[in-house]
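The structure under discussion appears below in the form of structure tokens.
The values are calculated or read from the model by the stated rules, or taken from the named source; none is laboratory data. Fair warning: this is a prediction, and the values are worked out from it, not measured in the lab. For neighbour counting, all protein chains shown are included, and Cβ atoms are generated from backbone atoms with ideal geometry for every residue, glycine included.
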Amino acid sequence: MQAVRTIFAVLLALVSASGMAQSDNKAASTPGPSLAATADADSLSEDQIRGLIRLAAEKDMENDKRQRDYTFVEREEEHKLDGRGNVKSVESKTYEIMELYGEPVERLTAKDDKPLSSKEAAKEEEKIQKIIDKRKNESESARNKRLEKEEKEREDGRKFVREVADAYNFKLAATEQFEGRPTYVIDATPRPGYEPHLKDAKFLPKFKFRLWLDKTDTEWVKLDIQCIDTVSVGLVLARIHKGSNIQIEQTRVNDEVWLPQHIAVKLDARLALLMGVNLTEEISYRDYKKFRTDTKITPVGEVREQK
């Protein structure tokens, strides 16, 4: 299902821009008094909305860093549908997510909510050990090269989210309670005449989204992205059809960070112009546990002690 994961990656690229306006240095310098004064307002101008979203984007970058201080459990449940939308099959996988030498690593722990066989579990342990050995024996030049690559990817991400800010018009749709917290509900629609500057931004006009922004923390708590036109991925790899949808929710953890809680995907697509894909997927996150970031990780048997 690598091709399906590729399609998810395209949809989730919008999630990486969840701040939805990672601004340039000039735009993000200081929100200004007019922005601070809007904290309890029920009406916002588009410029004020952009200011709030830029602030949320900055905080989201910090959340991403702090997530690396946590282990957690991720459960994926996929429902394959027939042409009438009826469920044909259901399968689930559960992973333990950890950080090893600055790299997030997933360990499969269950399939269809059943523990792995001894053979499957051993294979997962072997995978983790290989990562540990590779990082432990990594040369300084290799490490620098890897870090440079990661920095380039982050910079590419900054450029992409700047495109998002240019690609959409923003409007305050409502103010409402979300899980007991007051939020701004913001709609984003493609801006007419938008011309993308980046190759990866060409599909932005194919999507619209609604964002729930926490009034108190200025953090996004929910994102609902709708595909409003056919999206072609690669030359013949896939097409995402109108009506595909992804919803993402975050939650506050330990009164210090906002982290993923739930993702729901509805995907209608065609792979290689031949095989149709119609499915829904639910991804849940739980059991966030903070660990010591300065702990040295060695054998696999000690990995769980880092929690």
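Numerical summary
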quantity	calculated
Qualifying residue in region 170-181 (condition: under 17 Å from A57 (Cα atoms) and free of Cβ contacts under 8 Å to residues at least 40 places away in the same chain)	no
Residue check, D166 free of Cβ contacts under 8 Å to residues at least 40 places away in the same chain, under 22 Å from K242 (Cβ atoms) and surrounded by 14 or more Cβ atoms within 10 Å (Cβ to Cβ)	no
Verdict on G51 being surrounded by 16 or more Cβ atoms within 10 Å (Cβ to Cβ) and either over 24 Å from the mean Cα position of the chain (by Cα) or assigned to a helix (DSSP H, G or I) (or both)	yes
Selected residue (criterion: nearest to L116 (Cα to Cα)) from residues of region 69-104 that are surrounded by fewer than 16 Cβ atoms within 10 Å (Cβ to Cβ) and among the polar types (S, T, N, Q)	S89
Selected residue [free of Cβ contacts under 8 Å to residues at least 60 places away in the same chain, in a helix (DSSP H, G or I) and surrounded by fewer than 16 Cβ atoms within 10 Å (Cβ to Cβ)] from E195, E120	E120
Criterion: over 24 Å from L44 (Cβ atoms), in contact (Cβ under 8 Å) with a residue 24 or more places away in the chain, touching a strand residue (DSSP E or B) at 6+ places or on another chain (Cβ under 8 Å) and charged (D, E, K, R) - qualifying residue of K206, K159	K206
Residue list for region 99-117, restricted to those being free of Cβ contacts under 8 Å to residues at least 12 places away in the same chain and not basic (K, R)	P115, L116, S117
Subset of region 123-159 [among the acidic types (D, E), farther than 30 Å from A56 by Cβ and assigned to a helix (DSSP H, G or I)]	E124, E125, E126, D133, E140
Set R252, R239, R210: member being surrounded by 15 or more Cβ atoms within 10 Å (Cβ to Cβ), touching a Phe, Trp or Tyr at 6+ places or on another chain (Cβ under 7 Å) and within 29 Å of E74 (Cβ to Cβ)	R252
The lone exception for S139 - which of (1) loosely packed, with under 15 Cβ neighbours inside 10 Å; (2) of a type in the set (S, T, Y); (3) under 22 Å from I248 (Cα atoms) it fails	(3)
Subset of region 202-251 (residues that are farther than 25 Å from E176 by Cα and touching a Pro at 6+ places or on another chain (Cβ under 9 Å))	K202, F203, L204, P205, K206, I228, D229
Answer residue from region 56-68, given it is farther than 16 Å from E249 by Cβ and touching a strand residue (DSSP E or B) at 6+ places or on another chain (Cβ under 7 Å) and is surrounded by the most Cβ atoms within 10 Å (Cβ to Cβ) among those	R66
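Table: residues versus (1) at pLDDT 95 or above; (2) among the β-branched types (V, I, T); (3) within 24 Å of T183 (Cα to Cα).
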site	(1), (2), (3)
S45	no, no, yes
G51	no, no, yes
A57	no, no, yes
D82	no, no, no
N86	no, no, no
S89	no, no, no
S117	yes, no, no
E138	no, no, no
